[in-house]
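Here is the structure we will look at.
The values are calculated or read from the model by the stated rules, or taken from the named source; none is laboratory data. Here the structure is a predicted model, which is why all the values come from computation and not from measurement. Cβ sites come from the backbone with ideal geometry, for glycine too, and all protein chains shown count toward neighbours.
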Amino acid sequence: MFQSFNFYRRKKYLKYFLLKNKFMVVEDTQQERPIFPFTAIVGQEEMKLALLLNVIDPKIGGVMIMGDRGTGKSTTVRALVDLLPEIQVVADDPFNSDPKDPELMSEEVREKLKNNQKIEIISKKIEMIDLPLGATEDRVCGTIDIEKALSEGIKAFEPGLLAKANRGILYVDEVNLLDDHLVDVLLDAAASGWNTVEREGISISHPSRFILVGSGNPEEGELRPQLLDRFGMHAQIGTVKEPELRVQIVEQRTAFDEAPFSFRKNYEDSQNQLMATLVKARKHLSNVEIDYNYRIKISQICSELDVDGLRGDLVTNRASKALACFEGRSEVTPQDIFRVIPLCLRHRLRKDPLETIDSGEKVQEIFKKIFG
């Protein structure tokens, strides 16, 4: 008679079998769940471009992806994880504090630097944090650490998802179905870049600057205007119509499902090349310039379209520079602006909540009129 005991520890697990009163140990390897390669995704160029530009310049402010169900929205977003570069963080800090930027440091790290204490710096890959629709406010914002309260009798803070997402990506699938109380939390953190928690006598603030990425199906409801405006870019995707392209997508998905690791191996070179391009673009972004006349024309377009506020101007400038840098140029061209401006402005044109979001044609018409 066999009795089996499974012990899981990280990537390896041991299977113990009791056979004739003797132990036999068998070791195997548990592979991580494979992710579909970003460079293997067919079509949906607008969505892919918006995501890549946000990786190059996180200050663009994220991207909202709206489209039909089954068009690969969540697959594409999660495929981005493989391409995310490394950043420097303070070791053993739950908030991913930046060792050089005070605005991205926790109060504890700031206090250490103020007292000339030495801090350990490590490199860490940018994280993507999923925010589930059913998450509680305590899980998102953080709460009191019950274990320390019971065992040590002290009040301590247990960081939430907003702490983990600092300097990373916060992804909300079906964001248009998110509960209002969580929308309020996201609005507060996105507006200030900080998360403040008041719980059971604890008052703590920590940096929470993240790239907000959301996806959803417009048939299931629209976003609140305040939250929609917080997304730097808005990508609209539809179901692929060309039969040949549809067949190609189905074949790739089938091949990935049957042998995910060998499928990923076929795209190793293209993945590494794209990752190197993103790292280089992040490094040289500050060297890219945009002509003053182009900036005037961008603002003129925003003015003619009656865009509220200046966020549209800022995002268009940033996205144009990120695109130029991504393609290895140090100066922005009108073509760069033409490619990104519909993504940056289309969701800022709607004055009536019942109106549909512009496809981008209206923005392009005004662009052609002003740029000539």
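May I ask you to list the residues in segment 233-244 that are of a type outside the set (Val, Ile, Thr) and not in a loop (DSSP other than H, G, I, E, B)?
Matches in segment 233-244: Met233, His234, Ala235, Gln236, Pro243, Glu244.
Restricting to segment 296-314, name every residue that is under 20 Å from Arg346 (Cβ atoms) and either in the same structural domain as Gly61 (by TED's automatic domain parsing) or in a helix (DSSP H, G or I) (or both).
Lys297, Ile298, Ser299, Gln300, Ile301, Cys302, Ser303, Glu304, Arg311, Gly312, Asp313, Leu314
Kindly list, by first and then second residue, each pair from a residue in segment 299-311 that is of a type in the set (Gly, Ala, Ser) to a residue that is surrounded by 15 or more Cβ atoms within 10 Å (Cβ to Cβ), limited to pairs with Cβ atoms under 6 Å and residues at least 6 apart or on different chains.
From segment 299-311, the pairs are Ser299/Asp313.
If you go through segment 174-222, how many residues are touching a Cys at 6+ places or on another chain (Cβ under 6 Å) and more than 25 Å from Pro58 (Cα to Cα)?
Result for segment 174-222: 0.
Does segment 75-96 include one or more residues that are basic (Lys, Arg) and under 26 Å from Arg209 (Cα atoms)?
First pass over segment 75-96, keeping only residues basic (Lys, Arg): 78.
So of that shortlist, the ones also under 26 Å from Arg209 (Cα atoms) come out as 78.
Yes: one or more hits.
Taking segment 96-138 on its own, how many of its residues are surrounded by fewer than 12 Cβ atoms within 10 Å (Cβ to Cβ), part of a loop (DSSP other than H, G, I, E, B) and among the polar types (S, T, N, Q)?
Of the residues in segment 96-138, 3 are surrounded by fewer than 12 Cβ atoms within 10 Å (Cβ to Cβ), part of a loop (DSSP other than H, G, I, E, B) and among the polar types (S, T, N, Q).
What are the residues in segment 273-296 that are surrounded by fewer than 18 Cβ atoms within 10 Å (Cβ to Cβ), more than 26 Å from the chain's Cα centre (by Cα) and more than 19 Å from Gly232 (Cα to Cα), if any?
Scanning segment 273-296 gives Asp291, Tyr292, Asn293, Ile296.
Take the residues in segment 149-175 that are modelled with pLDDT of 85 or more and part of a helix (DSSP H, G or I); name whichever of them is surrounded by the most Cβ atoms within 10 Å (Cβ to Cβ).
So the residue we want is Leu162.
So how many residues does segment 201-232 have that are in a strand (DSSP E or B) and either at pLDDT 85 or above or not hydroxyl-bearing (Ser, Thr, Tyr) (or both)?
Selection size over segment 201-232: 10.
Need pairs with beta-carbon distance below 7 Å; first residue within 15 Å of Arg209 (Cβ to Cβ) and among the aliphatic types (A, V, I, L, M) and within segment 97-109, second at pLDDT below 85 and part of a helix (DSSP H, G or I); sequence gap 6+ or separate chains.
Pairs that qualify, where the first residue is within 15 Å of Arg209 (Cβ to Cβ) and among the aliphatic types (A, V, I, L, M) and the partner is at pLDDT below 85 and part of a helix (DSSP H, G or I): there are none.
Could you tell me which residue of segment 245-269 is surrounded by the fewest Cβ atoms within 10 Å (Cβ to Cβ), considering only residues that are aromatic (Phe, Trp, Tyr) and assigned to a helix (DSSP H, G or I)? Write out each step before concluding.
Restricting attention to segment 245-269, the residues satisfying the condition of being aromatic (Phe, Trp, Tyr) are 256, 261, 263, 267.
Within this subset, residues satisfying the condition of being assigned to a helix (DSSP H, G or I) are 256, 261, 263.
Details: Phe256: 21, Phe261: 9, Phe263: 19.
Only one residue fits best here, namely Phe261.
Would you mind telling me which numbered condition in (1) at pLDDT 85 or above; (2) over 22 Å from Ile237 (Cα atoms); (3) among the charged types (D, E, K, R) Glu45 fails?
(2) is the only condition that Glu45 fails.
How many residues are over 19 Å from Ser74 (Cα atoms) and buried (at least 16 other Cβ atoms within 10 Å of the Cβ) when one looks only at segment 225-244? Working first, answer last.
Keep residues of segment 225-244 that are over 19 Å from Ser74 (Cα atoms), which gives 225-227, 229-230, 241-244.
With buried (at least 16 other Cβ atoms within 10 Å of the Cβ) added as a condition, the list becomes 227, 229-230.
So the answer is 3.
Can you name every residue in segment 274-294 that is part of a helix (DSSP H, G or I) and without any contact (Cβ under 8 Å) to a residue 60 or more places away in the chain?
Within segment 274-294, Ala276, Thr277, Lys280, Lys283, His284, Ser286, Asn287, Tyr292, Asn293, Tyr294 meet the criteria.
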